[in-house]
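See below for the structure under consideration.
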Amino acid sequence: QVQLSESGGGLVQPGESLRLSCQSSGRAFAVAWFRQAPGKEREFVAVISWNGATTTYADSVKGRFTVSRDDAKNLISLQMNSLKPEDTAVYYCASRIVLGMTTRPNLYNYWGQGTQVTVSS
C-alpha cells in the first residue's frame, strides 16, 4: 500500500507561482494531480506515467503547469506558473496500482489528504 502526502500549497497573487510536492511512501506507478474547488466536482489537472516519459494536462493548465517525478526520492512535483484565481482549489495527488495512466479519479487507488491553493489579490 502506498501513502501519499501533499505539501506546498498557500496563498499567492495572480501571476505568481507555486510548487506542490507529493511524497510517496514507496514507488508509485502513474501519479496524477486533481483539484476540487468549493461546490465543484473533483477535476483532473495532470498525470505522469510510471517512468516519467509521458505527461498529460488538462486544457485549463496546459502551458502553465508542469508535472515531474524524482523516483530516487519518491517525490512527484507540480510546478504551477502564471496562477489565476480560477486555480483556487484543494489539490490532491493520487496513484494507481496498475501501470496505465488515466484522467478519471475513480480509477485511482491511493489519495493524499490535499493541500489548499488560493490565488487572490
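Taking only region 80-97 into account, find how many residues are among the acidic types (Asp, Glu) and closer than 28 Å to Trp50 by Cβ. Steps first, please.
Keep residues of region 80-97 that are among the acidic types (Asp, Glu), which gives 86-87.
Now drop any that are not closer than 28 Å to Trp50 by Cβ, which leaves 87.
Counting residues in region 80-97 that are among the acidic types (Asp, Glu) and closer than 28 Å to Trp50 by Cβ gives 1.
Have a look at Val61, Val31 and point out the one that is surrounded by 15 or more Cβ atoms within 10 Å (Cβ to Cβ) and over 15 Å from Cys93 (Cα atoms). So that I can check it myself, show each step before the final result.
On the way: Val31 fails: over 15 Å from Cys93 (Cα atoms).
Only one candidate passes the filter, namely Val61.
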_If I filter region 83-103 for residues that are under 15 Å from Val12 (Cβ atoms), in contact with a helix residue (DSSP H, G or I) (Cβ under 7 Å, 6 or more places away or on another chain) and of a type in the set (A, V, I, L, M), do I get at least one hit?_
no
*Which residue, of Arg35, Arg104, Arg96, is modelled with pLDDT of 95 or more and over 12 Å from the mean Cα position of the chain (by Cα)?*
Arg104
*Kindly provide the set of residues from region 99-121 that are surrounded by 11 or more Cβ atoms within 10 Å (Cβ to Cβ), touching a residue at least 60 places away in the same chain (Cβ under 8 Å) and of a type in the set (A, V, I, L, M, F, W, C), ordered by number.*
Met101, Trp111, Val117, Val119
*Where a residue in region 34-48 is farther than 14 Å from Met80 by Cα and touching a residue at least 60 places away in the same chain (Cβ under 8 Å) and its partner, wherever it lies, is open to solvent by less than 20 Å² (accessible area, probe 1.4 Å) and of a type in the set (Lys, Arg), with Cβ under 8 Å and at least six apart*: Arg42/Arg35
*asked:* Can you report the number of residues in region 31-58 which are among the aliphatic types (A, V, I, L, M) and touching a Pro at 6+ places or on another chain (Cβ under 9 Å)?
replied: 1
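Working only within region 14-33, note down all residues that are closer than 18 Å to Val98 by Cα and in contact with a strand residue (DSSP E or B) (Cβ under 8 Å, 6 or more places away or on another chain).
Let us first name the residues in region 14-33 that are closer than 18 Å to Val98 by Cα, namely 24-33.
Residues satisfying the conditions are Ser24, Ser25, Ala28, Phe29, Ala30, Val31, Ala32, Trp33.
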_I need every pair where a residue in region 1-28 that is at positive phi and in contact (Cβ under 8 Å) with a residue 60 or more places away in the chain has its Cβ under 8 Å from the Cβ of a residue that is open to solvent by less than 30 Å² (accessible area, probe 1.4 Å) and in a loop (DSSP other than H, G, I, E, B), sequence separation at least 6 or different chains._
Gly15/Leu83
*asked:* Can you say whether Thr54 is closer than 21 Å to Gly8 by Cα and open to solvent by 10 Å² or more (accessible area, probe 1.4 Å), as far as the supplied structure shows?
replied: no
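The values are calculated or read from the model by the stated rules, or taken from the named source; none is laboratory data. On a predicted model such as this, the values are computed, not experimentally measured, just so you know. In this analysis, Cβ positions are derived from the backbone assuming ideal geometry, glycine residues included, and neighbour counts consider all displayed protein chains. Just the protein is used for accessible areas: all its heavy atoms, side chains included, with ligands, DNA and RNA removed. Shrake-Rupley method; radii C 1.70, N 1.55, O 1.52, S 1.80 Å.
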